[in-house]
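The values are calculated or read from the model by the stated rules, or taken from the named source; none is laboratory data. This is a predicted model, so every value here is computed, not measured. Please note: Cβ atoms are built from the backbone with ideal geometry, for glycine as well, and neighbour counts cover all protein chains shown. To get the accessible areas, we keep the full protein, side chains included, count just its heavy atoms, and leave off ligands, DNA and RNA. Shrake-Rupley method; radii C 1.70, N 1.55, O 1.52, S 1.80 Å.
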Amino acid sequence: MAGQSDPHLSIFTPAEVEFLAEDELVEIVPNIRMDALNMICGDFGPFFPQISTKVPIWLAVALKKRGKCSIRPPEWMSVERLTHVLEAERESPREFQPLPFHYIELSKLLFEKAHDDIPDIYMVRSLIEDIRDVRFHKVEMGLEKISGRTHAVKLKNLSAMEVNIVRPFMVRALQAFYKHGSPEMIPQPELTVSRTQVLDRGPRRDLRPR
């Protein structure tokens, strides 16, 4: 697993973060009738044509791949909503706008697996990329302000991927300051970062795309 080479840092690879995001629910519109699917992680269905329902994104992608449903993009993935978020991000250099915790991974999966279900996909993709760039720039500016008197850093509304990228740099920076300023006080701090528990989703009836 990622992070095992350094016991002081526990980070996920991008693939692991994306895997965790696959349990997020999305809305689908089935075009077939199908009995409920009983999984360890929960029961989904029964499914009826043209009646929307919510399922984990991994199941939505599997059904979509087999032509059994279409996927409705989340409300936050509209051009209007993303334009508002981008403007707010630019106007608030010290604040991050609330977005889904896995917005980066979810948008990536939908762009790859359900591109024909996303209205104005090129504009939506461009807006999300701009939002990511603005937010990462804010993070970089925040890291530059860390000093030897910094004991904690609070970054509200960061997403999973953003936290995963920032965490090791933040930890190393704080370690360096503490060791340089008071080495006798903190010789080797033992840092642990809890991982999100990945529950066994149970058998997927070979529905997951390969």
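Applying the selection to the stretch 55-112, what residues are of a type in the set (Asp, Glu) and out of contact with any Asp or Glu (no Cβ under 7 Å at 6 or more places or on another chain)?
Passing the criteria: GLU75, GLU80, GLU87, GLU89, GLU91, GLU95, GLU112.
Which one of VAL79, VAL85, VAL124 is among the β-branched types (Val, Ile, Thr), at pLDDT 95 or above and surrounded by fewer than 15 Cβ atoms within 10 Å (Cβ to Cβ)?
So the residue among VAL79, VAL85, VAL124 that is among the β-branched types (Val, Ile, Thr), at pLDDT 95 or above and surrounded by fewer than 15 Cβ atoms within 10 Å (Cβ to Cβ) is VAL79.
Could you say which residue among PHE101, PHE111 is in contact with a Ser or Thr (Cβ under 7 Å, 6 or more places away or on another chain), open to solvent by 10 Å² or more (accessible area, probe 1.4 Å) and at negative phi?
Exactly one residue qualifies, and that residue is PHE101.
Mind checking which strands (runs of 3 or more DSSP E) fall wholly inside the stretch 1-110 and carry at least 1 residues that are polar (S, T, N, Q), more than 17 Å from ARG125 (Cβ to Cβ) and touching a strand residue (DSSP E or B) at 6+ places or on another chain (Cβ under 7 Å)?
Output list reads 53-56, 69-72.
Within the set of pairs 6 or more residues apart or between chains, which connect a residue that is farther than 11 Å from VAL55 by Cβ and open to solvent by 70 Å² or more (accessible area, probe 1.4 Å) inside the stretch 20-36 to a residue that is among the hydrophobic types (A, V, I, L, M, F, W, C) and in a loop (DSSP other than H, G, I, E, B) with Cβ atoms less than 6 Å apart?
Short answer, once both residue conditions are applied: ARG33/PHE48.
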